[in-house]
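Please read the structure below before turning to the comments.
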Amino acid sequence: MSTLAIATGPRSAPAVRQAGGVPSRLRRAEPDEPRLLRQLAQRDPDVAATIQSAYGRILLGYLRQLLDDGGAAEDVLQQVLLEAWQRGASFDPARASVLTWLMTIARSRAIDVLRRRVPEPHDPALATALLDREGAVEDHAGALAERWQLAYLLSKLPSDHADLLRMRFELAMSQTEIAEQTGIPLGTVKTRMVRALEQLRGLMEQER
Amino acid sequence: MSREPQEPIGDYVLGELSEEERRRVQQRLREDPLLRDRVEGLEAIAGMLESLPPEAWETLGPRPGPVTVRDRAPWRSSLRQWLRPRPALVAGACALLLGAGIGIGVLIERPASPSGPTVVLHALAGAAPSERALARMTPGGRMVLSVERLPPTGPGSFYELWLMTNLHDLVAVASFRVGADGRAELDVPLPVSPARYRYLDISLQRSSAGPGHSGDSVLRAPIPT
């Protein structure tokens with residue numbers, strides 16, 4: 001059986017010459033989907049590095065927000081990479097995108113962590129309340145996963161459309177302010193804004 | 001129906017209509033189920049965008065400014081896209097483009113007078129102490145990097161500039177080669193705010209290896225807070 005080389009392993013991250021602990025092979029990159037699918041199917045040990053390179057920041061961001069604990073998020077991310085490698089051969093791209101599949105794994109593992117944080121109840125009434133809470137946690141985890149997927153999909157938009165959405169939703173600028181600041185005619189801003197939202201909606205629907 | 005003028009729909013979704021205009025759109029939505037579906041879809045996306053945490057936006061790189069939309073020429077936009085998400089291509093292409101000792105930054109227009117904080121990158125253990133680089137952050141989210149006395153890159157190797165904090169947090173900024181004079185000068189856009197990272201790092205990379213950090217760092221400096 002082959003072994004998995006996670007980014008921290010000696011093969012994937014040779015020691016940096018100087019002390020300081022800043023080695024790495026991680027970087028955000030456009031996923032090479034065919035290569036990734038091939039690696040998953042073949043259980044290639046390098047698949048972890050490929051996933052981390054393409055989706056690591058989104059997965060980690062999601063896990064950090066959900067778990068509110070950077071260390072736990074890093075641990076869960078490693079579990080996700082391991083599980084993706086272990087289960088990769090059974091991944092069916094016709095059923096879900098790689099991102100959706102990875103987010104589903106991340107969500108499940110994170111919920112496991114959240115469950116372990118809650119002590120076992122002895123009071124039946126408390127047990128019922130905790131079950132309700134568990135449902136709420138799962139809903140919350142699912143909603144957050146959708147948001148982080150959306151953040152990833154923003155990077156798929158043409159840059160002028162993504163920029164408009166960032167100005168409107170990240171920087172809270174009105175369309176008039178965007179037009180003034182960019183010099184783009186207001187009507188064009190409005191038209192592009194709708195197109196950008198519709199493109200993003202289309203991408204989200206493809207993910208589902 | 002759905003191909004009615006888009007502006008009121010966008011304005012409606014974004015909450016930028018007067019009360020009267022809003023009522024008018026709502027009336028249209030009641031009469032047109034297809035338009036209603038379309039608007040509801042846009043509202044759902046807009047709602048999700050409204051609730052994105054700052055960290056999620058940061059994964060997209062530097063915030064857009066007026067220049068990024070108004071002044072960015074198509075070729076520059078394409079170049080930037082090409083530079084960022086496809087590191088292997090960058091490395092390979094840089095090896096070709098920079099073979100004559102021209103930094104990739106030369107392809108991008110340079111500011112008249114760099115200003116902003118300057119960082120001195122010093123040689124790490126294993127490298128000659130005289131090797132060094134100066135990096136200046138310039139307005140508009142760019143960096144001017146000057147390297148001196150670095151060993152020339154041979155065939156199949158190049159240097160890469162990184163913003164990095166730790167194993168899980170780094171981003172490649174630019175690839176470059178160094179000729180016999182040991183010098184190179186780059187003027188590159190920063191993909192993210194350097195304030196988010198602890199170090200500026202220059203590594204020696206092999207073209208035949210993967211796009212990640214080689215682990216062979218030659219120069220490094222803490223990024224001032």
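Bear in mind these aren't lab numbers, they're just calculated from the coordinates by the rules spelled out. These numbers were taken from a predicted model, which means no experiment stands behind them. Cβ placement follows ideal geometry from the backbone for every residue including glycine, while neighbour counts extend to all protein chains displayed.
Which FRET efficiency value, to the nearest 0.05, is calculated for B:Leu134 and B:Arg206 with the Förster distance at 30 angstrom and r the Cβ-Cβ distance?
Numbers: r = 26 Å, r/R0 = 0.85.
Calculated transfer efficiency: 0.70.
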Karplus-derived 3J(HN,Hα), 6.51/-1.76/1.60, for each residue of region B:13-27, Hz, glycine and proline x: 4, 8, x, 10, 10, 5, 4, 5, 5, 4, 4, 5, 5, 4, 5
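Nearest 0.05, what FRET efficiency do B:Val120 and B:Glu55 give at R0 = 30 Å with Cβ-Cβ as r? Provide the component values of the computation, followed by the final result.
Numbers: r = 31 Å, r/R0 = 1.02.
Efficiency at R0 = 30 Å is approximately 0.45.
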Calculated FRET efficiency for the pair A:Ala136/B:Ala180, C-beta based, R₀ 51 Å, to 0.05: 0.20
Inter-site label distance for A:Leu186 and A:Ser90 at 7 Å from Cα along Cβ, in nm: 5.7
Pair A:Glu74, B:Ser18: separation of 7 Å Cα→Cβ label points (nm): 5.7
Neighbour-count ranking [beta-carbon atoms within 10 angstrom, fewest first] of A:His140, B:His213: A:His140, B:His213
Simple spin-label estimate for B:Arg30 and A:Gln206 in nanometres, 7 Å along Cα-Cβ: 3.8
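Give the order of A:Phe91, A:Phe169, B:Phe176, B:Phe158 when sorted by the count of other beta carbons within 10 angstrom, beginning with the fewest. Intermediate results must be reported in sequence, preceding the final value.
Values: A:Phe91 16, A:Phe169 20, B:Phe176 28, B:Phe158 23.
Sorted ascending by nearby Cβ count, the order is A:Phe91, A:Phe169, B:Phe158, B:Phe176.
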